[in-house]
Amino acid sequence: MRQDPRIAAAVAALEERGYAIVEGLAEPAAMGSIAEELAPHFEAIAPQDRGNATARIHSRVLDNAPTLQQRLIDPVVSGVMERLLGPNCVRWQLSSVQGIAVHPGAADQGLHRDDDIFRLPHPHPVFEVNVMWAVTGFTAANGATRIVPGSHLWPSGQKPEPGSEIAAEMPAGSALFWLGSTWHGAGANRSGEPRIGFYAGYSLGWLRQEEMMYLALPPETVAPMPEVLQRLIGYELKGSMTLGWLDGRDPRKVLGLDG
Ligand SMILES: O=C(O)CCC(=O)C(=O)O
């Protein structure tokens, strides 16, 4: 079967520049449904916990959020992960999920590399690839993610010069991909409307996930989700009795997830 050409184009851009934008990957109507799925979680955050006018919610939002769940297993996203992470693990995984609302008045987030949490010297093979879905449009004025092109190839210790970043502007329904090694950060919101994005981080299946997924999304919560998503969250045995067993057995069988 012929692969969607957007996969090869995104992989080439990620390898060359450290980021890729796939415009219109989801229908605008899907983003409307996702905004509705996220809204009660954002509303539940107390203003004093918002911090810097940027509100974050985490992977628990996946519960009862079928439109959002489908975006996480989008075939173009999966194709990119298979190409970039697949060669270095039995199965890649979801590492962290976040809804991020950058409200008017938010200052810009410092530029950073997501994979610095693993403390390995750069450059190194790709072990993390992240995706930001534009739930609202992303513009330079409303806090679009800032990206430093080519910075994924830099050695540890090299820092971005001021002004070397671009704003990843994109219409609602688009997806911004970046490598864990690419310097980036949310922009300041100088507009009158919130910038809402939905972030999903993917990593090699043998790394520790950033979020404690099994506690955030216990077996009874994932049971109604698509099987492929359950597996990405971590409910699977990777390889034959190698990684991720429970009581020495396949966790899907122990937990009754295979029916
Ligand atoms: O919200 C964004 O545009 C980027 C978020 C980010 O880089 C982070 O939270 O580490």
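Since every read-out is calculated from the coordinates, none of them should be taken as a lab result. The shown structure was predicted, so the numbers you read here are calculated from the model rather than taken from an experiment. Note that each Cβ is placed from the backbone with ideal geometry, even for glycine, and that neighbours are counted across all protein chains shown.
Computed values, structure above
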read-out: Gain on full stretching of the segment that runs from THR221 to ARG119 - 0.36 nm per residue minus C-alpha separation; value: 33.5 nm
read-out: Ranked THR242, THR221, criterion: other C-beta atoms within 10 Å, fewest first; value: THR242, THR221
read-out: Sum of side-chain charges, ARG208 neighbourhood, beta-carbon under 13 Å (Lys, Arg +1; Asp, Glu -1); value: -3
read-out: Anisotropy class of the stretch 5-254 from Cα gyration tensor, a/c 1.5 cut; value: oblate
read-out: DSSP-defined antiparallel bridges as percent of all bridges, the chain, nearest 5; value: 100 percent
read-out: Gyration tensor verdict on the stretch 128-212 (Cα atoms; rounded if a/c is under 1.5, prolate if a/b is larger than b/c, oblate otherwise); value: oblate
read-out: The chain - charge dipole about Cα centre, Lys and Arg +1 at Cβ, Asp and Glu -1, debye rounded to 20; value: 400 debye
read-out: Neighbour net charge for GLY173 - beta-carbon separation under 14 angstrom, K R +1, D E -1; value: -2
read-out: Overall form of the stretch 1-99 per C-alpha gyration tensor (a/c, 1.5; a/b vs b/c); value: prolate
